[in-house]
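To start, the structure under review is shown below, and the notes come after it.
The values are calculated or read from the model by the stated rules, or taken from the named source; none is laboratory data. The structure presented is a predicted model; accordingly, all values stated were derived computationally and were not measured. Cβ: placed from backbone, ideal geometry, glycine included. Neighbour counts: every protein chain shown.
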Amino acid sequence: METKKLKPFDLEVAKAGAAVVTRDGRPARIVCFDAAGDYPVIALIRYGTDEEVPQTCTLTGNVSYTEVSDDDLFMAPVKRQGWVNLRFIDDKICAEYKVYRTKDAAKSSGITYDDYVATVPVEWEE
């Protein structure tokens, strides 16, 4: 199974409304950033389809100061999509080094070469 590299919890980005997940990928909804005590972040963590369970966390998104937990908070990956032009070079299909925001932008990028194959979508997570 592929392990995804998660971005560390960023308090300011989370306050701005960015999506948050747990270490094991469950959605978490922050309801409070300023509770009294050592665990001022309160998140509702999704369990299954119809239950959210409250969890207190540090300002760095950790459930504990000493142990790693599946409930530790991270920034949710952001899915991105772009478009690339494919070319046929030396008996291989190769992608241009540029990724365009839209298919129209890729197609209107001045394709002038005879080895053009297609314009295709690409997706990635950040």
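Taking the criterion of being modelled with pLDDT under 95 and either among the hydroxyl-bearing types (Ser, Thr, Tyr) or not in a loop (DSSP other than H, G, I, E, B) (or both), the residues of region 63-80 that qualify are SER64, TYR65, THR66, SER69, LYS79, ARG80.
Do we have VAL41 as surrounded by 14 or more Cβ atoms within 10 Å (Cβ to Cβ) and at pLDDT below 95 here? Answer is no for this residue.
When restricted to residues that are charged (D, E, K, R) and within 30 Å of ALA43 (Cβ to Cβ), region 70-126 contains 8. For region 29-86, the set of residues classified as touching an Asp or Glu at 6+ places or on another chain (Cβ under 9 Å) and closer than 30 Å to THR119 by Cβ consists of PRO77, VAL78, LYS79, ARG80, GLN81, GLY82, TRP83, VAL84, ASN85, LEU86, listed by residue number.
Could we say that GLU52 is more than 18 Å from LEU11 (Cβ to Cβ) and touching a Leu at 6+ places or on another chain (Cβ under 7 Å) here? Full working, then the answer.
Values: more than 18 Å from LEU11 (Cβ to Cβ): yes; touching a Leu at 6+ places or on another chain (Cβ under 7 Å): yes.
Spelling it out, GLU52 is indeed more than 18 Å from LEU11 (Cβ to Cβ) and touching a Leu at 6+ places or on another chain (Cβ under 7 Å).
Consider region 11-34 and keep the residues that are surrounded by 14 or more Cβ atoms within 10 Å (Cβ to Cβ) and of a type in the set (Lys, Arg). The one that is farthest from GLY61 (Cα to Cα) is ARG26. Cβ-Cβ distances below 6 Å connect the following pairs, each with a first residue in region 48-70 that is over 15 Å from GLY25 (Cβ atoms), a second residue that is loosely packed, with under 15 Cβ neighbours inside 10 Å and hydroxyl-bearing (Ser, Thr, Tyr), and a separation of six or more residues or different chains: VAL53/TYR47; VAL63/SER69.
Being surrounded by fewer than 16 Cβ atoms within 10 Å (Cβ to Cβ) and at pLDDT below 90: is that true of LYS107 here? So that I can check it myself, show each step before the final result.
On the way: surrounded by fewer than 16 Cβ atoms within 10 Å (Cβ to Cβ): yes; at pLDDT below 90: yes.
Criteria met by LYS107.
Annotation: of all residues in region 45-78 being exposed (fewer than 15 other Cβ atoms within 10 Å of the Cβ) and among the aliphatic types (A, V, I, L, M), the one that is nearest to VAL21 (Cα to Cα) is VAL78. Scanning region 81-113 for residues that are touching a strand residue (DSSP E or B) at 6+ places or on another chain (Cβ under 6 Å), among the hydrophobic types (A, V, I, L, M, F, W, C) and part of a strand (DSSP E or B) returns TRP83, VAL84, LEU86, PHE88, ILE93, CYS94, ALA95.
Yes or no: THR60 among the polar types (S, T, N, Q), part of a loop (DSSP other than H, G, I, E, B) and under 30 Å from LYS15 (Cβ atoms)?
On the way: among the polar types (S, T, N, Q): yes; part of a loop (DSSP other than H, G, I, E, B): yes; under 30 Å from LYS15 (Cβ atoms): yes.
Criteria met by THR60.
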